[in-house]
Structure formats: structure tokens, C-alpha cells
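The values are calculated or read from the model by the stated rules, or taken from the named source; none is laboratory data. This is a predicted model, so every value here is computed, not measured. As a convention, Cβ positions derive from the backbone with ideal geometry for all residues, glycine included, and neighbour counts pool all protein chains shown. For the accessible areas, the whole protein counts, side chains as well, though only heavy atoms, and no ligand, DNA or RNA atoms are used. Shrake-Rupley method; radii C 1.70, N 1.55, O 1.52, S 1.80 Å.
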Amino acid sequence: MIRPTWYALGNLGSNIFSQTFATFILFFYIDHLHAPLTGITLAMTIQSVWHAVLNPLIGQISDRTKSRYGRRIPYIAGMSIPLGLIFFLLWHPLVSQKELSLYFLIMVLLFDLTYLTVVLNWTSLFPEMFQTIGERTRAQSPRQIVGVIALLIGVASPPLLYGHWGWTVMGAILSGIGTLGFLLSLHGSHERPHTPSSSARFSLIQSWNVLKEFKGFRRFLLMNFLIQLTLGLVPAVLPFYAKYVLHMSHGILSILLASIFVIALFCIVPWTHIIERIGSHQGIRWTIGLLAVGLLPFLLLGNLPGIFGGAVVLGAGLGGFLVLADVLMAEVIDWDAHEGKIRREGLFYGINGFILRLGVSIQAVLLYIVLHSTGFKPNPTGVAPIAVQDGFRLLMGFIPLVFLFLAYLVIRRYDVPPSPFTLGTD
């Protein structure tokens, strides 16, 4: 029996782990631990390549797996606890400061291996369990409501947790919640036995032919990459921006982050109805526009009222994207199955993850260039030269706006049809 709400609890682990890592890991190692900027940037670049290679590889292994418990569920059950332990150790270094760069590299490689194994398999269950546009949009509501709650926990709570009890306690609390979410999601997970297996021995190299043959998938990948790059860069820079440009306390930073995700939470259900009415293609255009408008105050204003106004608009756009991302991916998978008579969810999510992860290298390099060129030095008081502040404005405003503009140009020519051509509606 399919239980969408129980399945949705997997988003606790997916979003807490990914968003806490994306938002605070560089701030923790560079600003708090004073780890070498060059070493951390190099580690993030290596991790990005490692993550990118793992995505399609794990997708292939998952698609080919045969067991009495299914293709996806054994991996979720077996790797959730190791994932939680490794996540905790990221925030509780076991080495001296001289060894931080190497420790960070080893731990992020292990984190990626376990995180991808769990999350890619959990995510791949979505298009298999929910097969019509109605099922998918309705299943997305509890999934993304849980997801936004997880974002609130993973992004808004850390400043309060590490501000009061330290980074180790923060890591332990978030690790426990995320791991429990994945384990509870198994209660609502189901694999359809009649779903065609993609174990028809596609090699890893041959599978990439889908990029050459499927123009719509290429456009989806580029659009998704640019939006996700924006949504990755902004939270990674925001703790620096809040400290050195706005001079925010931990509490105000938590409120700012919470405001984005609370608005996103309240927008999920309205977005679900809007998308069913206007379609996914028009919906993603509206989403890109809202995200762009929400970023303008970070570039132009730099005062608290303007920033909080931008946060509200950002939250509305984020809510739409959270609903649309997997709906658009499911339409790509359905069209491929319609054309090739075989379902390859793991393959598509693996390639998508490969492309998305390359954005982490771009984020790390952009941050390194700006911090290095502006002469950034960690300062507990939050005082920084004007050049450093302008660099953070560039990273928070201008560069993400360029990414979103390019995403809008790509999606204007998007031509993957919606799912009812093969699966029907209800």
C-alpha cells in the first residue's frame, strides 16, 4: 500500500543533510575553524567531480539491482545509519587544524557516497510509485511540505544551535532527525513489481547517448542546473553576507532564513493548484521570475526591510520550484519510457545529479575568487572592507541573476510534453 505521507518523511534526511551542508559547511571550516581557503576549495572541487561520477554509476547499479525487497529499498535501509554518522563527523573534526583540509576531503567523499546511495534510490521511487500528473502533484504536497520543514530545520535552526551549544551538538541533533526520516520513509515506500526493469545491460557509456538523442532532456538539465546553481550559491554565501554586510546576529539570521522557507511552505499547496491549471512549463517560468525579483534587494539595497521583503518573494519562488522540479523530471522519464518502452528512473536521476553536482565546483571557485581577490580575512566582529562587502553582494545578487536569466532563455524553448500522453490523468 502506497502511503505518500510516510514516503515524504525521506525529505527530512534529504533536505536537512544537503541544505545544512550547502549553507554552513564552508562557513564552518573557513570562518570558524580557519581552515586553509585553498585546501578547502580544492577539496570541494574534488568532491564535486567524485559526486558527479557517482551519480550515474549509482543510478545504473540501482536500476540493475534484483532482490526480493526491490531495486531501491535495500539501499535506503542499509545506508541511512552510516550516512547519519558521517554527517555528524563533518561537524566534529577528529584531527588537528593542520590536517583539516585532508580530513574534510575524506569525510565529504564518504558523505557523498552514502548520501547519494540513499537519496538517489529514495527519489527514484517517486515516478514509479506515482504515475499520473494528479497523483504526482498531490504526492508532491506532503513531500514538499516535509521538505520545507526540513529546510527550516537544516537552514534556519543551525545558527541558533551552534550559537547556543556549539557545532558538535548541532551536528548530532540534525544527524539524528535526518536519519530517522529516511528510516521512517520505508513505511510508505513501495516498488511496483510490474514496472519494467532497466537491467537490459545498458553500459554506463552507452547510457549517456540519451543526452545526444533527447534534446528535451538536455534543455531540462541546463535549466535545472542554472536554477539549482543559484539555489546552491545563495545559501552558501548568505552566512557570510549576513555577518559581514548586514552584521546580523545568529538569531536574526535564523529568522531571515526561516522567513524564506516558511513562505515556501505556505506556497506549496497554492502552487500545486496553480500548476494543475496552467501546466508545468508556464509554472517554471513564473518560478524563475519570482526568484529573480527576490534576489534584487540583496544586490541593490542591503538593508533589513528590503532584505526581508526579498526573502518573502524568494520563498514564493522556492515553493514553486520545490513542487515543479520532480514533476518536470517525471515528464522527461515518462516521455523516454513512451518512446523506448522501458523505464530508467535511476539513469535519468543519476545523469541529472552528475550535472547538478558540477555546480558545486563552480560555487567553490566563485567563492574562492571573490574571497581571495577582495582580501577576505575571518573576523569575529564581522567588520570587513568595502571591497569584501561588494564581493558578497556580487555573489548574492548579480551572479545568481545572470544564472536565472539564462535559465529563462532555456525554458522558453522547452518541448517535453506533459505526462498524460502515456499514463493518463485521474
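Open to solvent by less than 10 Å² (accessible area, probe 1.4 Å) and in a helix (DSSP H, G or I): which single residue out of Gly289, Gly294 fits that description?
Values: Gly289 fails: open to solvent by less than 10 Å² (accessible area, probe 1.4 Å).
Exactly one of Gly289, Gly294 is open to solvent by less than 10 Å² (accessible area, probe 1.4 Å) and in a helix (DSSP H, G or I), namely Gly294.
In this structure, is Gly178 among the small types (Gly, Ala, Ser) and modelled with pLDDT of 85 or more?
Against the criterion (among the small types (Gly, Ala, Ser) and modelled with pLDDT of 85 or more), Gly178 qualifies.
Being assigned to a helix (DSSP H, G or I) and free of Cβ contacts under 8 Å to residues at least 40 places away in the same chain is the filter; apply it to region 298-316 and report the residue that is farthest from Val388 (Cα to Cα).
Val313
So which pairs qualify, if the first residue must be in region 360-384 and open to solvent by less than 60 Å² (accessible area, probe 1.4 Å), the second must be of a type in the set (A, V, I, L, M, F, W, C) and assigned to a loop (DSSP other than H, G, I, E, B), the Cβ gap must be under 6 Å, and the two must be at least 6 apart or on different chains?
Taking only residues 6 or more apart or on different chains, not a single pair turns up.
Checking the condition hydroxyl-bearing (Ser, Thr, Tyr), in a helix (DSSP H, G or I) and within 24 Å of Ser361 (Cβ to Cβ), which residue from Thr272, Thr230 passes?
Being hydroxyl-bearing (Ser, Thr, Tyr), in a helix (DSSP H, G or I) and within 24 Å of Ser361 (Cβ to Cβ) holds for just one of Thr272, Thr230, which is Thr230.
Is it the case that some residue within region 54-69 is surrounded by fewer than 21 Cβ atoms within 10 Å (Cβ to Cβ), modelled with pLDDT of 90 or more and assigned to a loop (DSSP other than H, G, I, E, B)?
Within region 54-69 (the criterion being surrounded by fewer than 21 Cβ atoms within 10 Å (Cβ to Cβ), modelled with pLDDT of 90 or more and assigned to a loop (DSSP other than H, G, I, E, B)), the answer is no, since none of the residues qualifies.
When you scan region 140-177, how many residues do you find that are polar (S, T, N, Q), touching a Ser or Thr at 6+ places or on another chain (Cβ under 9 Å) and buried (at least 22 other Cβ atoms within 10 Å of the Cβ)?
Residues of region 140-177 that are polar (S, T, N, Q), as a first pass: 140-141, 144, 157, 168, 175.
Filter again for touching a Ser or Thr at 6+ places or on another chain (Cβ under 9 Å), leaving 140-141, 144, 157.
The next check asks that each one be buried (at least 22 other Cβ atoms within 10 Å of the Cβ); those that pass are 140, 144.
The total comes to 2.
Taking the condition of being assigned to a loop (DSSP other than H, G, I, E, B) and open to solvent by less than 20 Å² (accessible area, probe 1.4 Å), how many residues in region 72-120 meet it?
2
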